[in-house]
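Below is one structure; the comments refer to it alone.
The values are calculated or read from the model by the stated rules, or taken from the named source; none is laboratory data. All figures in this text were calculated on a predicted structure; none of them were measured in a lab. Cβ placement follows ideal geometry from the backbone for every residue including glycine, while neighbour counts extend to all protein chains displayed. Just so you know, the surface numbers come from the protein's heavy atoms only, side chains and all, with ligands and any DNA or RNA stripped out. Shrake-Rupley method; radii C 1.70, N 1.55, O 1.52, S 1.80 Å.
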Amino acid sequence: MPIIVEDATGLATAESYLSYVDYVAYWAARGVDTTTEAGTADEATTEPKLRLTTEYIDIRWGKSAPGLPISDDQALCFPTDYFIVDPVALPIQLERATAEYLRYSLTNTLFIDNDRSSGPGIKLLKEKVGPIETETEYTGSGLGSVGAKYPIVTKADGLMRQITQGSGQGGVYR
């Protein structure tokens, strides 16, 4: 089933911020042949990843998008009325970030599971047999550590920070 790309009109059926053709063109302009990389051999194998990448962007960055959705029934977080200019188009940073996150997702996961199954490092493990006593201190690093919600994809994250309010990470800043 062909992917439905957001055309900056607030489509109710949009599934992605970028088409496969635009993804290939983005990387070709940077000297990278994506058709030879694992998972991107053709459009059929890449389009599901485009959908997942767009979901990731909406979940991570959607709440910090400035402005209001331009349509009551639009499927994605972008576009907002903040970005509507003439000619009507999505922010170039959004399209570039989609391409960057997609390429990253070919060999990594965008959604980090916080159930500690990937395990934070254990800094201290103290056990005593009688009477029973256990003490564990975690380093706070590792994919499963508490607080690790999103992977660091430096270029894509920077592009999204340019068009959103805040960092998309949450927390208090002073």
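Details
- Exactly one residue out of P87, P66 is closer than 16 Å to R161 by Cβ and over 16 Å from the mean Cα position of the chain (by Cα), and it is P66.
- Residues located in the stretch 58-94, provided they are touching a residue at least 60 places away in the same chain (Cβ under 8 Å), open to solvent by less than 30 Å² (accessible area, probe 1.4 Å) and part of a helix (DSSP H, G or I): R60, W61, S64, L94
- Here I3 does not fit the description of being aliphatic (A, V, I, L, M) and open to solvent by 60 Å² or more (accessible area, probe 1.4 Å).
- Checked against (1) closer than 14 Å to A99 by Cβ; (2) open to solvent by less than 30 Å² (accessible area, probe 1.4 Å); (3) in a helix (DSSP H, G or I), L18 passes all but a single condition, namely (3).
- Looking across A14, A75, one residue alone is modelled with pLDDT of 95 or more and either in contact with an Asp or Glu (Cβ under 6 Å, 6 or more places away or on another chain) or hydroxyl-bearing (S, T, Y) (or both). It is A14.
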